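The values are calculated or read from the model by the stated rules, or taken from the named source; none is laboratory data. All values reported here derive from a predicted model rather than from experimental measurement. Here the Cβ positions follow ideal geometry from the backbone for every residue, glycine too, while neighbour counts run over all protein chains shown.
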Amino acid sequence: MKVLAILYNGFKSAVQEPRLLGTVENKLGLDKWLASRGHELIVSSDKEGPNSDFQKHIADAEVLITTPFHPGYLTREVMEKAKNLKICVTAGVGSDHIDLNAAVDHKIQVLEVTGSNVVSVAEHVVMDILALVRNFVPAHEMIERGDWQVSDIARNAYDLEGKVVGTIGAGRIGYRVLQRLVPFDCKELLYYDYTQLPAEREQAVKARRVEDIEQFVSECDVVTVNAPLHEGTRGLINEKLLSKFKPGAWLVNTARGAICDQDAVVAALKSGQLRGYAGDVWNVQPAPKDHPWRTMKNPLGGGNGMTPHYSGTTLDAQARYAAGTKKILENYFDGKEQNPADVIVGIGAWATKAYGQR
C-alpha cells in the first residue's frame, strides 16, 4: 500500500545526526522496514497549496503520517479527495492538524504516539517559566551585544519560589509540570481542568483545582497551557480572559498556538498586563517571518521567550515517537488491536475525551 509521510527538512543536520528521525532525510527510520513488507513510502515536506506533494499523493495514499512540528493540515475538503485513506498516524502527540470530526464521518482512524514526548514538553515548560521569571533572554542578549548593565536585567527578574503557578490542563503533560515544580517551593500550585485529579495524585503535588477559569487566572503569577486544541480551547485565552490575569503575570504555551489569540497576546505584552509570553507553538507552522510573536516585547524590552516548535522533538522523544509509529503501523498491517491510549478516532467514532468532552 502507499504510505505518505509529511515531515520537516533536516538538511545537513539530519545527515550529521541520524537520530533526527522525524526528518525527511531519515524518514522515521521506516523506509527499509516498509520496503521489506512491500509498501511504498513517499516522504516530503511540501505541504502547502493544491500542487503540493501532500495534495498530490494524499489522493491515493492509504496511510498518512504527519507530525505536530511540520503539520500537513488534513481538512474535510482534503479528505474528500483522499479516497483510499484509512488511517492517519501522528508521529508525536497532538492531532489537531486533522479535522477529527471529518475523520469520524469518513471512517478514517486517527492515532498518535501517546506519551512519547510528555517528559520532553514538561521539561521545556519549566525551562520557559524560569527563562521568563528570571528575565534570562534579555540578560543573554545583553552579553552577546558586549554590554554589562546588571540593573537593566535585575529590575525585571524574580524568584519562582513564593509564586502561584497554575496549569490549564492537568493531563499527562500538565501533571508532570506540576511534579517538576514541587521542589521550587511555589506559594501554591493550581490547575484548571474539566475533570478533577484523583485525590492521591492531587495530594502528591499539593495542587488545588479551580473550576472557574477567570478565577483561576486571577490567582496565578504564572499560567502554563497544557491542553489539546479543540472546539473548547481554540481562542480560550483572548482579550477578555487576559484582562482577568493578575497584572504582570507570565504566560507559557507549549500546547497549541491557536489556544491563545495572537493579537490579544501581543497587546497584553505591550501594555505590561503580561510580563512575559513564552512557548514554541504558533497558530501557523512554520510561522511567517513577520509573525508578531517573533518580535513582541513588554514595556521594558523583554518578556519574549518564543522558539520554533521543538519542545516535543528532542532526540529522545524522536526515538520514542518513531518506535511508536512503527508499532501502530505494524498493528494496522497485521490486523492487531491498537493500544487504546493511542486511538483518537476509531472507525467512525471518537475514542477519547482528550479533545474535549463528547
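The numbered conditions (1) on the phi < 0 side of the Ramachandran plot; (2) assigned to a loop (DSSP other than H, G, I, E, B) are all true for Ser120 except (2). Out of the residues in segment 306-321 that are of a type in the set (Gly, Ala, Ser) and buried (at least 21 other Cβ atoms within 10 Å of the Cβ), state the one that is farthest from Ile87 (Cα to Cα). Result: Ser311. Look at Gly324 and say whether it is in the same structural domain as Leu21 (by TED's automatic domain parsing), closer than 25 Å to Val110 by Cβ and surrounded by 15 or more Cβ atoms within 10 Å (Cβ to Cβ). Criteria met by Gly324.
The set of residues in segment 238-276 being assigned to a strand (DSSP E or B) and in contact (Cβ under 8 Å) with a residue 40 or more places away in the chain consists of Trp250, Val252, Arg275, Gly276. Residues in segment 126-161 that are assigned to a helix (DSSP H, G or I) and not hydrophobic (A, V, I, L, M, F, W, C): Asp128, Pro138, His140, Glu141, Glu144, Arg145, Ser151, Asp152. Going residue by residue through segment 276-295, is there one that turns out to be crowded, with 17+ Cβ neighbours inside 10 Å, among the basic types (Lys, Arg) and under 22 Å from the mean Cα position of the chain (by Cα)? No, because not a single residue in segment 276-295 is crowded, with 17+ Cβ neighbours inside 10 Å, among the basic types (Lys, Arg) and under 22 Å from the mean Cα position of the chain (by Cα).
Here's the yes/no breakdown for (1) surrounded by 15 or more Cβ atoms within 10 Å (Cβ to Cβ); (2) outside the structural domain of Ala103 (by TED's automatic domain parsing); (3) part of a loop (DSSP other than H, G, I, E, B):
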site: Ile42; (1), (2), (3): yes, no, no
site: Glu48; (1), (2), (3): no, no, yes
site: Leu64; (1), (2), (3): yes, no, no
site: Phe69; (1), (2), (3): yes, no, yes
site: Glu80; (1), (2), (3): no, no, no
site: Leu85; (1), (2), (3): yes, no, yes
site: Gly92; (1), (2), (3): yes, no, yes
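Among the criteria (1) closer than 19 Å to Pro228 by Cα; (2) in the same structural domain as Leu189 (by TED's automatic domain parsing); (3) crowded, with 22+ Cβ neighbours inside 10 Å, the one Ile129 does not fulfil is (1). State yes or no: is Tyr310 in a loop (DSSP other than H, G, I, E, B), hydroxyl-bearing (Ser, Thr, Tyr) and under 21 Å from Asn226 (Cβ atoms)? Yes, satisfied.
The single condition among (1) without any contact (Cβ under 8 Å) to a residue 60 or more places away in the chain; (2) part of a helix (DSSP H, G or I) that Glu25 does not satisfy is (2).
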